[in-house]
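Contents: one structure, followed by commentary.
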Amino acid sequence: MSFLDLHAINKSFGPNTVVKDFNLSLARGKFVSFLGPSGCGKTTVLRIIAGFENPSSGTIHIDGQDVTGLTASQRKIGMVFQAYALFPNMNAAGNVGFGLKVAGASRDEIEARVAEMLKLVGLLGFEKRFPFELSGGQQQRVALARAIAPRPRMLLLDEPLSALDAKIRVSLRAQIREIQRELGITTVFVTHDQEEALSVSDDIVVMHAGLIEQHGNPFDIYNRPATPFVADFIGQLNTLHAEVAEPSRNMVRIGAAELNVPSLPAIARAGDRVALKLRPESMRLANGHDRGIALSGHVAHASFLGSVVRLGIDLGGGDVVKLDSFNDRQTLPPEVGAPLTITFLVDDIVSTQMANQQRSA
Amino acid sequence: MTAMIESVANDVRVGQPIPTRNIAARVSWSWLGAIPYFAFTTLFMLIPVAYLFIGAFQNQQGEFTFANLIDLTSPNIAASYWLSIRLSFASAAIGTIAGLLLAYAVIMGGLPSWLRHAFTTFSGVASNFAGVPLAFAFIATLGRLGLVTIILKQVFGIDLYASGFTLYSFWGLALTYLYFQLPLMLLVITPAVEGLKPEWREAAQSLGANRAQYWLEVGLPVLTPSVLGCFLLLFANAFGTLATVIALTGSNFSVVPIVLFQQIRGNVLYNPNLGYAIAFGMVVIMVLSNTLYLVLRARAERWQK
Amino acid sequence: MKHGFPIASTLIVFVAAAYFLVPLYATFQFSLQMKRGELSLASYASVLASADFINTLSYSAIASFAAILFGAILVVPTAYWVRLKLQKLRPAVEFLSLLPLIIPPVVLVFGHIRLFGSSSILPLTMTSTGTDILLIVGYVVLSLPYMFRAVDNGMAAIDIATLTEAAESLGASRLRTIVEIIFPNVRSAIVAGAFLTFSISLGEFVLASLLNRPAFGPYMVQLGEDRAYEPAALAILSFALTWILMLLMQLFATRKPNQRLLPRFGTGQSRKLAP
């Protein structure tokens, strides 16, 4: 029995349909991210769950209860907003205690819970501070404490990190995940940042143009993208062009090398050009005892990024692939123009597309 | 774009140093540029007001005294201050509450947006429609022979003037002032009402608050400094009003500006220095309400970020 | 919070609209009733045909134009100079520009009469011309907060200091910079301030009355004491005029510098700034 059930949700604003036939089931205690470019409908789905928007059609069940007709204030769902949205007229304690106060809790009860929550987010001693006296990261932690103080059934996070500095973003997302695990609260996290989604989620729902492209765990989403959109949107891809040799046996040819690829598009005929897509980290510099396919080329550009050296390697025929290698104090990065050989395994090919196709079609 | 122009400007200047003679010329010009303004404001604003203030602390022989300020508490003058303060307070309070309600209705009341535009434009005009013509309009409306007075009497059988109302009274003036106070309130409170973030309401909702709880705990407290500030602005606005009163009541309704007006006309107090003290008192009240207004506005802006 | 038809808002708006419109309608209706038993424009004809009306209105219009001219000459260079060279003086200049908001006109004119009266070193009130000048000066003071804010906002909108530096770095003289770059950019702000000044001073009563000037404000008050229907006609005319002035003011205040009416500026600027 799933905890959150969205069934056949549609949402239109006037003539624009922003969410199309959205179905999702989540188990209790999961941390799931809605990931997609802006305008893909992820925030709208979140607001429909929260009760701020009514779906044009479809139903929402939480813990077996149909909440479709309930107002936001009846749903018992905690929400954290992108712009913090702390009440400016209340100090941190007032903000965190607000949910309990409107529910009619006693003063002692509120005080104890506020202390507990502020301790949880690491802001004990900040009770008397007003929002304008707190940094962005502190405000967002107060907002998190405020959202979970009334013991909601679910927690919704609407791009809570995107207004913050890079360093705080990384530490706060880890803290959010830790608190979520500790409380075991079912959480939906909306973000457009794939690294954020990959690093904290149990599950990721990749959305595009109001539709779910793929729903799976981060490992599957990255390594087994279900659609070209997902493959392209998540991480980076190198393209190798090849010529189809024998469609029936999935054989293709790159220069003199013949490869047996995992799959070919059904319409591919012998002699067609296809594009093989690989993650940069699937390619390695040859070191003399490698398995798999070897291709030679020369360094087109090299950038030293500290822990990694990023090379652009021209393999001829217009293919320039990216390749990352770890920094090594003993070895200088190769110079532009230097000849190199790279190797990869055919099993690491993420997808194979017709060459003249649009990349994200 | 701006940054680009700036960097272009700097680059050129670095490569092409300005001759020293030119710099010297500019320094002297800078000071000359400010002289007319400071001279004008000093001569026609600071010195005349200072003249009155000094006179407020002198007797007719030019000796220092507090007698004039003490005389402000004499029954006649104290009564006119008290009348002015009550009238300004009443018209500002009604204007504040009515303007706040109107701002709420047109900004977040779920009405079509052309209504808001219409009220804002009208308010820009009406807040400047004061003085003598405003008095005429209200005489034509609610005077003894005013159209509304007649219609109420003939159609509804309500005789306003028989029931004790008259336009030339405290409440008649307050109702007339409202015609510029209400639009002014709408204009000055609009930014604050717009500054109520929708997320605050949504956050309150998701924490279980109903509409009334949101307004009592968040919406109104956030608006309070702005509302009080605007009240003080309206208070000062009413306190200085003179032309409307004269056109409505002649010189019979002795609010402070009228008393001072009479004094200037004919020295009715038989003591010019008492006139200075009255002027001093008026400015003190204006300074107090405007200072408090600025303090409250700064507080509101801190919250609004 | 899903709500249906906004009953409370509708009621508030209805009451407010009634409060605003009924006096206008009543005044208009009243102004038509000068001739017993019929609706006519007789009151308007009576007002417009009166020599006093024409004389006082033209007197006030001239005084207002003089105040606008004087105010602009005083405020525009000062605002420009303060932004460009005298940033340190900015708080003082701004404070002085706001002072008229806390000095009631009756207090201001009281001070003027005492200071520039018969026994002073600058006895302006002794001659008719001197008193006229004092009235104009008073209107400049009354409109100072609005004039300064309009012009200063106009200059803030185009970052006057950077524009000046850019123009000078490209070799333009100071005069050329002011005439070709600065003035066209703040022209609409000045005009907006001018309309406000005009609406303040045209029907002004307190200063004109206490300085004994034959101005429009005292004329209106006198008319209110003598006549019944003409004041209503005057109120309607005056409301219409205020409406026109405010619409023009908003039009100019919200217009961007290179929008309409100033077609030459856009090309002029790009020509000047292109390297």
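Some points to look at:
- For residues of B:195-201, the mean tally of beta carbons on other chains within 10 Å: 4
- Part-to-part distance (alpha-carbon centres) for the stretch A:165-193 and the stretch C:51-78, which is given in Å: 66
- Excluding ligands, DNA and RNA, the accessible surface per residue across the protein assembly as shown is 46 Å² with a 1.4 Å probe.
- Distant alpha-carbon pairs in the protein assembly as shown (separation over 51 angstrom), percent: 43
- Helical content alone sets the calculated 222 nm signal of chain A at -7000 deg cm²/dmol, taking -39,500 (n - 2.57) per DSSP H segment of four or more residues and averaging over every residue.
- Charge dipole (debye, nearest 20) of the stretch B:75-304; +1 at Cβ of Lys and Arg, -1 at Cβ of Asp and Glu: 160
- The distance separating the Cα centre of the stretch A:46-113 from that of the stretch B:151-204 comes to 37 Å.
- Averaged over the residues of C:232-240, the number of partner chain Cβ atoms lying within 10 Å of the residue Cβ comes to 5.
- Percent accessible area from carbon and sulfur atoms, the stretch C:41-265, protein chains only, probe 1.4 Å: 66
- Calculated FRET value between residue B:152 and residue B:54, using beta carbons and R₀ = 56 Å, to 0.05: 0.60
- Ranking A:78, A:186, A:201 by how far each Cα lies toward the positive end of the dipole of the protein assembly as shown (charges on Cβ) leaves A:78 at the top.
- Average beta-carbon neighbours from other chains, 10 Å sphere, peptide C:165-173: 4
- Using a probe of 1.4 Å, the accessible surface attributed to residue A:76 totals some 130 Å² when neighbouring protein chains are kept in position.
- Cross-link check: pairs A:11/B:197; A:20/A:42; A:76/A:101; A:101/A:128 evaluated at a Cα-Cα cut-off of 20 Å; pairs beyond the cut-off: A:11/B:197.
- Label zone of residue C:170 (point 7 Å out along Cα→Cβ, amide N under 15 Å): in the stretch C:184-216 this covers C:184-185.
- The stretch C:22-104 - Debye-derived log10 I(q)/I(0), Cα point model, q = 0.17, 0.27 Å⁻¹: -0.84, -1.18
- Taking label points 7 Å from Cα along the Cα-to-Cβ direction, residue A:329 and residue A:115 give a separation of 5.0 nm.
- Residue of A:142, A:252, A:336 that the Gaussian network model of chain A assigns the largest fluctuation, springs spanning Cα pairs under 10 Å: A:336
- Apportionment of accessible area to carbon and sulfur, chain B, percent (1.4 Å): 67
- Zone residues, the stretch C:208-228, relative to residue C:61, backbone N less than 18 Å from point 7 Å out along Cα-to-Cβ: C:214-220
- The stretch C:26-100: trypsin sites (Lys or Arg not before Pro) in DSSP coil with no more than 15 other Cβ atoms inside 10 Å: C:35, C:36
- With both residues required to sit in chain A, DSSP beta bridges show an antiparallel share near 75%.
- Packing, as the average of other Cβ atoms within 10 Å across residues, places the peptides C:135-141, A:22-28 in the order C:135-141, A:22-28, highest first.
- Each of residue A:347 and residue B:262 was given a label point 7 Å from its Cα along the Cα-to-Cβ line. The distance between the two points is 10.5 nm.
- Each peptide among C:16-22, A:148-154 gets the average number of other Cβ atoms lying within 10 Å of its residues, and from highest to lowest they stand as A:148-154, C:16-22.
- Selection from C:76, C:116, B:254 lying farthest towards where the dipole of the protein assembly as shown points positive, charges on Cβ: C:116
- Dimensionless Rg over Rh [the stretch A:31-104; C-alpha; Kirkwood]: 1.01
- Principal-axis tilt of helix A:92-102 within chain A, Cα atoms, nearest 10 degrees: 70
- Helix C:183-201 axis, angle to chain C major axis (alpha carbon atoms, nearest 10°): 20
- Residues A:289, A:61, C:112 ordered from highest to lowest accessible area at a 1.4 Å probe: A:289, A:61, C:112.
- Ellipsoid fit via the Cα gyration tensor, the stretch C:41-265: semi-axes of 36, 23, 13 Å, each the root of five times an eigenvalue, largest first.
- For residue B:42, solvent-accessible area (1.4 Å; no DNA, RNA or ligand), Å²: 50
- Rounded to the nearest 100, the interface formed by chains C and B buries 7300 square angstrom of accessible surface, both chains summed, with a 1.4 Å probe.
- Relative compactness, chain A, computed as alpha-carbon Rg over 2.2 N^0.38 Å: 1.22
- Projecting the Cα atoms of B:276, B:107, B:118 onto the charge dipole of the stretch B:75-304, computed from C-beta unit charges around the Cα centre, puts B:276 farthest toward the positive end.
- Taking each DSSP H run with n ≥ 4 as -39500 (n - 2.57) and averaging over every residue of chain B yields -24500 deg cm²/dmol at 222 nm.
- Fraction of antiparallel bridges per DSSP, the protein assembly as shown only, in percent to nearest 5: 75
- Note that the stretch B:75-304, at 10 °C in a medium of 1.306 mPa s, gets a Stokes-Einstein diffusion coefficient of 81 µm²/s from its Kirkwood radius over C-alpha pairs.
- Volume per residue of the C-alpha convex hull in the stretch A:172-229, rounded to whole Å³: 85
- Solvent accessible area, Å² - residue C:103, 1.4 Å probe, full protein context: 10
- Distance from the Cα centroid of the stretch B:75-141 to that of the stretch C:97-175 is 29 Å (rounded to whole angstrom).
- The GNM of chain A, with springs linking C-alpha atoms under 10 angstrom apart, assigns the highest mean-square fluctuation among A:342, A:49, A:221 to A:342.
- Chains B and A together bury some 2000 Å² of accessible area, summed over both sides, with a 1.4 Å probe.
- Across the stretch B:185-287, the volume of the C-alpha convex hull divided among the residues equals 120 Å³ per residue.
- Peptides ranked, highest mean first, by Cβ atoms within 10 Å: ranges B:226-232, A:253-259, A:38-44: B:226-232, A:38-44, A:253-259
- For chain B, the membrane-span-like helix rule (DSSP H, alpha carbon extent of at least 18 Å along the helix axis, mean Kyte-Doolittle at least 1.0) picks out B:75-108, B:170-194, B:220-239; this says nothing about an actual membrane.
The values are calculated or read from the model by the stated rules, or taken from the named source; none is laboratory data. All figures in this text were calculated on a predicted structure; none of them were measured in a lab. Using ideal geometry, Cβ is built from the backbone for each residue, glycine included, and neighbour counts are taken over all protein chains shown. The area values use the complete protein model at the heavy-atom level, side chains included, leaving out ligands, DNA and RNA. Shrake-Rupley method; radii C 1.70, N 1.55, O 1.52, S 1.80 Å.
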